[in-house]
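J.: Following this message is one structure expressed as C-alpha cells.
The values are calculated or read from the model by the stated rules, or taken from the named source; none is laboratory data. Keep in mind that this is a model prediction, so the values were computed, not measured. When we count neighbours, we look across all protein chains shown, and the Cβ atoms used for this are built from the backbone with ideal geometry, even at glycine. Each accessible area value is taken on the protein alone, full model and side chains, heavy atoms only, with ligands, DNA and RNA left out. Shrake-Rupley method; radii C 1.70, N 1.55, O 1.52, S 1.80 Å.
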Amino acid sequence: MPQKAGLPIGIEDFDRIRKDGSYYVDKTGLIRDILDNMAYVDLFTRPRRFGKTLNMSMIKHFFEIGSDSGLFDGLEISKETGLCHRYQGRFPVISISLKNVESDTFDRAKKKIRSVIGDEAVRYPFLSDSDRLNQTERRQYAKLIELDDEGGFAMSDELLENSLLMLSRFLTKHYGQKTIVLIDEYDVPLDKAYQAGYYDRMVDLIRNLFGQVLKTNSSLYFAVLTGCLRLSKESIFTGLNNFKVYTVEDVRFGRYFGFTDGEVRQMLAYYGLAGQYDAVREWYDGYRFGGTGIYCPWDVINYCGDLRDGSVARPQNYWVNTSSNSIIRKFIDKADGKTRDEIESLINGASIRKKIRQELTYRDLDSTIDNLWSILFTTGYLTKCGEDEGGMADLVIPNKEIRWIFEEQIREQFEAETRKDTGMIKSFCRAFEENDAAAIEKGFAAYLRKTISIRDTHVKKEMKENFYHGILLGLFASMDGWKVKSNAESREGYSDIHVEVEDKELGIIIELKYAEKAAFDEGCREALKQIEDRGYEEALIDDGMKVIRRYGIACYKKRCKVVSG
C-alpha cells in the first residue's frame, strides 16, 4: 500500500510543501483569477489561519524569476498553458510578511520592519554590482543592506520609508521587467501599535512606506496585500487608484481561502477518515466567504494529523490559541446587559441582527459596541446567515469550536470583570459563614445576572450543575483562610463543594442542583437530603470542624434559591 502524503501542519511555504510531497489543497486557480481581474493593488481580508500566507507564497513562486516551474505540475494553473507561458517565472518579486512585527514600543517595532525589508533586500546580492544600475543606485542598495554595530539593519527612517520603492526600481531596472510586490498580514503592526499606544506613529510609517511603493510607482506591475481588517483608505491607503478590496463578503475569490466542503471530503477520504466527516463539519465548518461554505484549514489539517497519529479521538479547539484576545477584551469592556443577552442568544444557536461596517480605522474599533460586532464578524468569531437587508445582517456562531470560545473564554472574561468587586464577593462569602441564606441567595442571583448563562437545551443536567459549581469556586477563590475542596470524597460519594474555615473551626457543605422548569423548592430539598443521606459532613468533622453549615442551592437560568439545613 503506497505511503500517504504528509500533512503540512504549520508549513506556509509553497516550495517546501510541494518538494516534500505533502498533501496540498490546490488553490492555484487564485493566480488565474488575479490575472483575469487585474488591479494595481489587490487586498484580501480574511481571519487568521485561513491560508493567506501559503497563498502569498504560492503567488511568489509562480511569478518569480528563477522559480522552479515544476512546483506547479499537475495543479489547476498548469492547465492554463498560455497564461503560464506569459507570466510564470517572468517577474522580479518582493515578498514580505509583517505578521511578526509586534512590540511594546514604536522603536522596536520599527526595527523589526527594517529587519523584514532588509532580509528581503539581501535576497538580491547581484544588485551590488549590477551593470544596469548606476553607481548611485548601487550605493543606495548597499545602504538598504548595511548593518549597524549591533548586527541590525542600519537604514535611516527616510531610507526605510523609501526602501520598498527603491528595491522595486532596482529590480525593474536590473531585469527590464516591472516588479510584483506581495505584503502579507499588512495590518498586524497597526493592531499591535494600537494596543501598545503608538498607533499614530505607526500609521505615519506604514502610510509612507506603502504610499511610496504602491502609489504612482512606475516600477510596479501589481501588488497583493493580505490582512484581517479592511482599514479605511483615509487611514493608510490615501490616493491609491485601481485599489481592489476583497473581504469575506465578496463572491469573487471566495473559495481560495479556507477549504470547501468538497476539499474536506476529499482529504478525509484520502487519509481513510471519511467517518469523521460529520464531526469535522460540526466543529470547523460554518464560515461563509462570498456565499461559499468554508472550513478553517488550520483546524482540519491539525485534526487529521492528530487522528492519524492517535493523539486525539474527538475534535479539539485548535483555532483559539492562534488569534489575539485583545478585541475580545475590548468587547467585554463595552458590553452591557443587552450585549450579554445577545451573546446568550448566539450560544443558544440563535442569530442576532447587526449592521456590519467593513471599513474601519483602529480608532473606530472600540468607539461603540456596534463596531466591535463588526470586528467579531471580520475576524471569524461570527459569520452571516441569510441575505443582508437594509444594511443589516444576521450573525451566528459558525461552528462548535467558536461556540466553545464563547461558552468558555468570553464567559470567563465576563466573570473575571465581575469578580473585580472584591467587597461584594467577601460579603457574599461571609454570608455562608453566618448562615444567612437570604443574603447568599440575593448575592448569587445578582452575580448570575452579570454573567453569561449556559444553554438550556441539548446539555445534560450534570453539565448545567457544573456551570454553577464553577462560578461558586471562582468566587470562593478570593477568600483568605478558606480551604476549599471541589467534589470532596466523603462516606458515600462526593460532595459538590466543602469549605473549612480553620481559624473558626467552621465547615461548609454545598450541594448544587439544576432546577428543571424552575422547581427550586424540590431542588433544594433534594440537595439537603443528599448531604444528610450520604454523610458529607463526616469528612469535615474528622478534620476538626466544630460547626457545620449545610446549604442546598437550586439554580435555573439566572435565578436561584438557597436553603440552609
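J.: Could you work out, for the chain, what percent of all Cα-Cα pairs fall into each 10 Å distance bin, beginning at 0 Å and stopping at the bin that holds the largest distance?
T.: Answer for the chain: a P(r) of 3, 15, 21, 20, 16, 11, 7, 4, 1, 0 percent.
J.: Find the accessible area per residue for the chain; the probe is 1.4 Å, ligands and nucleic acids are left out, and the unit is Å².
T.: 44
J.: Using the basic label-point model (7 angstrom from Cα toward the beta carbon), what is the SER427 to ARG559 distance in nanometres?
T.: A separation of 2.4 nm, rounded to one decimal place.
J.: Rounded to the nearest 5, what is the percent of antiparallel bridges among the DSSP beta bridges in the chain? Write down the numbers at each step before the final one.
T.: Working: 32 of 63 bridges.
Within the chain, antiparallel bridges account for around 50 percent of the total.
J.: Okay, moving on. Which order do ARG132, ARG138, ARG288, ARG525 take when ranked by solvent-accessible area (1.4 Å probe, heavy atoms of all protein chains), largest first? Before the final figure, lay out the partial values.
T.: Values: ARG132 130, ARG138 70, ARG288 105, ARG525 155 Å².
Of ARG132, ARG138, ARG288, ARG525, the descending order of accessible area is ARG525, ARG132, ARG288, ARG138.
J.: Over the chain, calculate the relative contact order: mean separation of alpha carbon pairs under 8 Å at least 6 apart, over the residue count, as a percent.
T.: Values: 940 pairs, mean separation 62.5, N = 565.
Relative contact order for the chain comes out at 11 percent.
J.: Heavy atoms of the protein only, probe of 1.4 Å, neighbouring chains included. What is the accessible area of TRP482 in Å², nearest 10?
T.: Number for this one is 30 Å².
J.: By the scheme Lys and Arg +1, Asp and Glu -1, what is the net charge of all other residues having a beta-carbon under 14 Å from that of ARG16?
T.: Overall, the nearby charge balance is -2.
J.: If you roll a 1.4 Å probe over the chain with all protein chains in place, what percent of the accessible area is carbon or sulfur? Please list the in-between numbers first.
T.: Numbers: 10880 of 24770 Å².
Reported share for carbon and sulfur atoms: 44 percent.
J.: Follow-up question, since we're still on this one. Which length gain, in nm to one decimal place, applies between ILE9 and GLN135 when the Cα-Cα distance is subtracted from 0.36 nm times their residue separation?
T.: 40.8 nm
J.: Then there's this: Starting from the Cα of ASP250, step 7 Å toward the Cβ, then list every residue of region 340-382 with an amide N under 18 Å from that point.
T.: 357-361, 378-380
J.: Moving on to the next point. Semi-axes, largest first, in whole Å: what does sqrt of 5 times each Cα gyration tensor eigenvalue give for region 95-222? All intermediate terms of the calculation are to be shown ahead of the outcome.
T.: Values: eigenvalues 132, 55, 25 Å².
They are 26, 17, 11 Å, listed largest first.
J.: Which lysines have a Cα less than 25 Å from the Cα of LYS112, not counting those fewer than 8 places away in the same chain?
T.: The qualifying lysines are LYS52, LYS60, LYS99, LYS143, LYS192, LYS215, LYS233.
J.: Simple spin-label model, 7 Å along Cα-to-Cβ: THR368 to ASP33 in nm?
T.: That separation, rounded to one decimal, is 3.3 nm.
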